[in-house]
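Here's the structure we're looking at; comments come further down.
The values are calculated or read from the model by the stated rules, or taken from the named source; none is laboratory data. What you see is a predicted model, and the numbers here were worked out from it, not measured in a lab. All Cβ positions, even for glycine, are placed from backbone atoms using ideal geometry, and neighbour counts span all protein chains on display. Remember, those area values only see protein heavy atoms, side chains included, never the ligands or the DNA or RNA. Shrake-Rupley method; radii C 1.70, N 1.55, O 1.52, S 1.80 Å.
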Amino acid sequence: MMKKRSKWTPLALLLTAGVLLLGSTVGSTQAALTYYSENYSAEVTVSNIGVSLLENGKEVSYRNYMKDDKWDEKTGMLLADLTADGPLTLGKVYQEKLSVKNSGAIDAYVRVVLKKSWQNDADGDGVYEKNTTLSPELIKLNLLTGENGWIEDTDASTKERTVLYYTKPVASEAVTPDLSDTLQIDPTVGTKVVKTETKDANGTTVVYTYVYDGYKFVVEAEVDAVQTHNAKDAIKSAWGVDVTVGADGSLSLR
(Lines give C-alpha, C1' and ligand atoms only; values in the text may rest on other atoms or scores of the structure.)
Protein backbone atom coordinates (compact mmCIF):
# COMPACT_ATOMS: atom_id res chain seq x y z
CA MET A 1 0.00 0.00 0.00
CA MET A 2 1.43 3.36 -0.99
CA LYS A 3 1.63 5.91 1.79
CA LYS A 4 0.46 9.34 0.76
CA ARG A 5 2.86 12.07 1.80
CA SER A 6 1.43 15.17 3.39
CA LYS A 7 1.67 18.38 1.42
CA TRP A 8 2.87 21.56 3.08
CA THR A 9 3.09 25.10 1.80
CA PRO A 10 5.73 27.40 3.26
CA LEU A 11 5.79 31.14 2.72
CA ALA A 12 8.55 33.49 3.74
CA LEU A 13 8.86 37.25 3.90
CA LEU A 14 12.02 39.03 4.95
CA LEU A 15 11.73 42.58 6.19
CA THR A 16 14.87 44.36 7.30
CA ALA A 17 15.28 47.70 9.01
CA GLY A 18 18.16 49.41 10.66
CA VAL A 19 19.49 52.65 12.04
CA LEU A 20 22.89 54.02 11.14
CA LEU A 21 25.05 55.11 14.04
CA LEU A 22 27.22 57.97 12.87
CA GLY A 23 30.72 58.84 14.03
CA SER A 24 30.98 61.18 17.02
CA THR A 25 33.60 63.68 18.09
CA VAL A 26 35.53 63.41 21.33
CA GLY A 27 33.59 65.00 24.16
CA SER A 28 30.13 64.25 22.80
CA THR A 29 27.71 63.04 25.42
CA GLN A 30 26.31 60.41 23.08
CA ALA A 31 26.67 59.23 19.52
CA ALA A 32 24.45 60.85 16.90
CA LEU A 33 21.82 58.72 15.20
CA THR A 34 20.31 58.87 11.73
CA TYR A 35 17.51 56.75 10.33
CA TYR A 36 18.35 54.04 7.80
CA SER A 37 16.14 51.41 6.24
CA GLU A 38 16.27 48.51 3.78
CA ASN A 39 13.52 46.86 1.79
CA TYR A 40 12.37 43.34 2.34
CA SER A 41 12.74 40.56 -0.19
CA ALA A 42 10.78 37.38 -0.73
CA GLU A 43 11.02 34.43 -3.07
CA VAL A 44 8.52 31.59 -2.79
CA THR A 45 6.53 29.23 -5.02
CA VAL A 46 3.32 28.16 -3.29
CA SER A 47 -0.42 28.36 -3.97
CA ASN A 48 -3.55 29.56 -2.17
CA ILE A 49 -1.54 31.09 0.63
CA GLY A 50 -0.42 34.55 1.58
CA VAL A 51 0.95 36.49 4.50
CA SER A 52 1.46 40.12 5.46
CA LEU A 53 3.53 41.88 8.08
CA LEU A 54 1.78 44.66 9.97
CA GLU A 55 3.56 47.45 11.81
CA ASN A 56 1.52 49.56 14.21
CA GLY A 57 -1.65 48.35 12.51
CA LYS A 58 -0.48 49.22 8.98
CA GLU A 59 0.29 46.68 6.30
CA VAL A 60 3.88 47.37 5.30
CA SER A 61 4.57 44.34 3.11
CA TYR A 62 2.75 41.34 1.71
CA ARG A 63 2.99 38.51 -0.78
CA ASN A 64 -0.17 36.70 -1.81
CA TYR A 65 -0.84 34.01 -4.37
CA MET A 66 -3.44 34.92 -7.00
CA LYS A 67 -3.60 32.39 -9.86
CA ASP A 68 -1.52 30.94 -12.68
CA ASP A 69 1.63 31.22 -10.56
CA LYS A 70 1.16 34.98 -10.25
CA TRP A 71 1.60 36.94 -7.04
CA ASP A 72 0.22 40.14 -5.61
CA GLU A 73 3.03 41.72 -3.64
CA LYS A 74 4.20 44.95 -2.16
CA THR A 75 7.64 45.96 -0.97
CA GLY A 76 7.46 48.15 2.12
CA MET A 77 9.81 49.64 4.68
CA LEU A 78 9.90 48.92 8.38
CA LEU A 79 10.42 51.82 10.83
CA ALA A 80 9.59 54.34 8.13
CA ASP A 81 7.82 56.56 10.68
CA LEU A 82 10.36 56.12 13.47
CA THR A 83 11.66 59.68 13.26
CA ALA A 84 8.41 61.38 12.22
CA ASP A 85 8.31 63.38 15.47
CA GLY A 86 12.00 64.28 15.57
CA PRO A 87 15.52 62.82 15.56
CA LEU A 88 16.03 59.35 16.96
CA THR A 89 17.10 59.44 20.59
CA LEU A 90 19.07 56.83 22.48
CA GLY A 91 17.00 55.38 25.31
CA LYS A 92 13.69 56.69 23.99
CA VAL A 93 10.90 54.10 23.80
CA TYR A 94 9.24 53.97 20.38
CA GLN A 95 6.02 52.18 19.51
CA GLU A 96 6.77 49.13 17.39
CA LYS A 97 3.77 46.81 17.26
CA LEU A 98 4.39 43.92 14.90
CA SER A 99 1.72 41.40 13.93
CA VAL A 100 0.96 38.97 11.11
CA LYS A 101 -2.07 38.89 8.84
CA ASN A 102 -3.15 35.80 6.96
CA SER A 103 -3.79 37.45 3.61
CA GLY A 104 -4.13 34.14 1.81
CA ALA A 105 -7.20 32.10 0.94
CA ILE A 106 -6.66 29.23 3.39
CA ASP A 107 -6.13 28.92 7.13
CA ALA A 108 -2.50 28.79 8.21
CA TYR A 109 -0.08 28.58 11.09
CA VAL A 110 2.55 31.31 11.25
CA ARG A 111 6.07 31.60 12.60
CA VAL A 112 8.27 34.69 12.96
CA VAL A 113 12.05 34.64 13.22
CA LEU A 114 13.52 37.90 14.51
CA LYS A 115 17.21 38.69 14.07
CA LYS A 116 19.12 41.60 15.59
CA SER A 117 22.69 42.64 14.83
CA TRP A 118 25.14 45.51 14.49
CA GLN A 119 26.77 46.02 11.09
CA ASN A 120 29.32 48.40 9.62
CA ASP A 121 31.09 49.15 6.36
CA ALA A 122 34.63 48.54 7.60
CA ASP A 123 36.21 48.59 4.13
CA GLY A 124 34.28 51.58 2.84
CA ASP A 125 33.01 49.64 -0.17
CA GLY A 126 29.32 49.95 0.68
CA VAL A 127 29.08 46.37 1.93
CA TYR A 128 27.95 46.11 5.54
CA GLU A 129 29.08 43.13 7.57
CA LYS A 130 27.87 41.90 10.94
CA ASN A 131 30.05 42.39 14.00
CA THR A 132 29.42 39.51 16.39
CA THR A 133 31.35 41.13 19.24
CA LEU A 134 28.78 43.91 19.68
CA SER A 135 25.71 43.14 21.75
CA PRO A 136 22.37 42.61 19.93
CA GLU A 137 20.75 42.80 23.37
CA LEU A 138 21.20 46.59 23.23
CA ILE A 139 18.58 46.57 20.45
CA LYS A 140 15.54 46.20 22.66
CA LEU A 141 12.47 44.99 20.80
CA ASN A 142 10.00 44.22 23.57
CA LEU A 143 8.22 40.94 22.87
CA LEU A 144 4.72 40.00 24.03
CA THR A 145 4.82 36.26 24.53
CA GLY A 146 2.58 34.21 26.80
CA GLU A 147 -1.16 34.65 27.10
CA ASN A 148 -1.54 36.44 23.75
CA GLY A 149 -0.89 33.21 21.84
CA TRP A 150 2.75 33.81 20.86
CA ILE A 151 5.37 31.46 22.31
CA GLU A 152 9.14 31.45 21.99
CA ASP A 153 11.13 28.40 20.99
CA THR A 154 13.86 28.89 23.57
CA ASP A 155 15.83 25.91 22.26
CA ALA A 156 16.17 27.59 18.85
CA SER A 157 16.63 31.16 20.11
CA THR A 158 19.89 32.98 20.84
CA LYS A 159 20.82 36.53 21.83
CA GLU A 160 20.76 37.44 18.15
CA ARG A 161 17.92 35.23 16.91
CA THR A 162 14.43 34.76 18.40
CA VAL A 163 11.99 32.18 17.06
CA LEU A 164 8.30 32.77 17.76
CA TYR A 165 5.24 30.64 16.95
CA TYR A 166 1.63 31.68 17.02
CA THR A 167 -0.11 28.73 18.65
CA LYS A 168 -3.51 29.06 16.99
CA PRO A 169 -4.53 28.64 13.35
CA VAL A 170 -5.00 32.01 11.67
CA ALA A 171 -8.08 32.21 9.47
CA SER A 172 -8.01 33.88 6.10
CA GLU A 173 -7.94 37.68 6.54
CA ALA A 174 -7.47 37.36 10.31
CA VAL A 175 -4.68 39.15 12.18
CA THR A 176 -2.66 37.76 15.08
CA PRO A 177 -2.23 39.66 18.33
CA ASP A 178 0.86 41.87 18.48
CA LEU A 179 4.13 40.00 19.00
CA SER A 180 5.95 43.18 20.10
CA ASP A 181 5.01 46.64 21.30
CA THR A 182 8.10 48.86 21.66
CA LEU A 183 11.61 49.41 20.32
CA GLN A 184 14.46 51.09 22.18
CA ILE A 185 18.19 51.47 21.62
CA ASP A 186 19.83 51.07 25.00
CA PRO A 187 21.28 54.43 26.10
CA THR A 188 24.51 52.73 27.16
CA VAL A 189 25.38 52.58 23.44
CA GLY A 190 26.38 56.24 23.75
CA THR A 191 28.64 55.64 26.76
CA LYS A 192 30.77 52.77 25.47
CA VAL A 193 34.16 54.25 24.54
CA VAL A 194 37.71 53.07 24.01
CA LYS A 195 40.58 55.24 25.27
CA THR A 196 43.76 55.38 23.16
CA GLU A 197 46.96 57.17 24.24
CA THR A 198 49.72 58.14 21.81
CA LYS A 199 53.03 59.55 23.02
CA ASP A 200 55.50 61.60 20.99
CA ALA A 201 57.99 64.41 21.46
CA ASN A 202 55.17 66.88 22.01
CA GLY A 203 53.60 64.89 24.80
CA THR A 204 50.65 62.51 25.09
CA THR A 205 47.56 62.58 22.91
CA VAL A 206 44.41 60.96 24.29
CA VAL A 207 41.64 59.94 21.92
CA TYR A 208 38.25 58.53 22.94
CA THR A 209 36.44 56.49 20.30
CA TYR A 210 32.83 55.39 20.59
CA VAL A 211 32.62 51.60 20.21
CA TYR A 212 29.44 51.81 18.12
CA ASP A 213 30.61 54.61 15.81
CA GLY A 214 29.98 53.78 12.17
CA TYR A 215 27.57 50.95 12.97
CA LYS A 216 23.92 50.50 12.10
CA PHE A 217 21.58 48.27 14.01
CA VAL A 218 19.61 45.79 11.95
CA VAL A 219 16.33 44.08 12.82
CA GLU A 220 15.08 41.35 10.50
CA ALA A 221 11.67 39.70 10.61
CA GLU A 222 11.17 36.47 8.67
CA VAL A 223 7.51 35.43 8.49
CA ASP A 224 6.56 31.87 7.49
CA ALA A 225 3.13 30.36 6.93
CA VAL A 226 2.19 26.67 6.78
CA GLN A 227 -1.24 25.28 5.89
CA THR A 228 -3.31 23.70 8.65
CA HIS A 229 -4.07 20.51 6.71
CA ASN A 230 -1.92 17.66 8.09
CA ALA A 231 -0.36 20.35 10.28
CA LYS A 232 1.87 18.10 12.38
CA ASP A 233 3.66 16.63 9.37
CA ALA A 234 3.60 19.91 7.45
CA ILE A 235 5.24 21.83 10.29
CA LYS A 236 7.86 19.12 10.76
CA SER A 237 8.69 19.26 7.05
CA ALA A 238 8.65 23.05 6.74
CA TRP A 239 10.09 24.15 10.08
CA GLY A 240 11.87 21.06 11.37
CA VAL A 241 10.13 21.04 14.74
CA ASP A 242 7.87 18.53 16.47
CA VAL A 243 4.54 19.88 17.64
CA THR A 244 1.40 18.59 19.26
CA VAL A 245 -1.87 19.75 17.70
CA GLY A 246 -4.79 19.93 20.11
CA ALA A 247 -8.41 19.16 19.30
CA ASP A 248 -9.03 22.92 18.95
CA GLY A 249 -6.10 23.27 16.55
CA SER A 250 -3.75 24.86 19.11
CA LEU A 251 -0.03 24.13 18.81
CA SER A 252 2.46 23.26 21.51
CA LEU A 253 6.16 22.55 21.04
CA ARG A 254 7.43 19.11 21.98
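Of the cross-linked pairs 97/159; 74/192; 58/140; 70/216; 58/192, those separated by over 30 Å at the C-alpha level are 74/192; 70/216; 58/192.
The portion of the accessible surface of region 183-254 made up by carbon and sulfur, rounded to a whole percent, is 47 (1.4 Å probe; DNA, RNA and ligands excluded). For region 42-192, relative contact order (Cα pairs under 8 Å, six or more residues apart, normalised by length) works out to 27 percent.
Here region 107-135 is scanned for amide nitrogen atoms under 17 Å from the site 7 Å beyond the Cα of residue 196 along Cα-to-Cβ, giving 121-124. May I ask you to give the solvent-accessible area per residue for region 84-218, in square angstrom, as obtained with a 1.4 angstrom probe? About 51 Å² of surface per residue is accessible. Full extension of the chain between residue 161 and residue 233 yields a length gain of 23.5 nm, computed as 0.36 nm times the residue separation minus the alpha carbon distance.
Counting Lys and Arg as +1 and Asp and Glu as -1 over every other residue whose Cβ lies under 9 Å from the Cβ of residue 238, the net charge comes to +1. Bridgeable lysines around residue 236 (alpha carbons under 18 Å apart, same-chain partners fewer than 8 residues away excluded): 3, 4, 7, 168.
Past the 17 angstrom mark, what percentage of all C-alpha to C-alpha distances in region 95-159 do you count? It works out to 60 percent of all Cα pairs.
If the segment from residue 123 to residue 172 were pulled out straight at 0.36 nm per residue, it would be longer than the present Cα-Cα gap by 13.0 nm.
Net charge dipole, region 118-254: roughly 280 debye, given to the nearest 20, about the Cα centre with Cβ charges of +1 for Lys and Arg and -1 for Asp and Glu.
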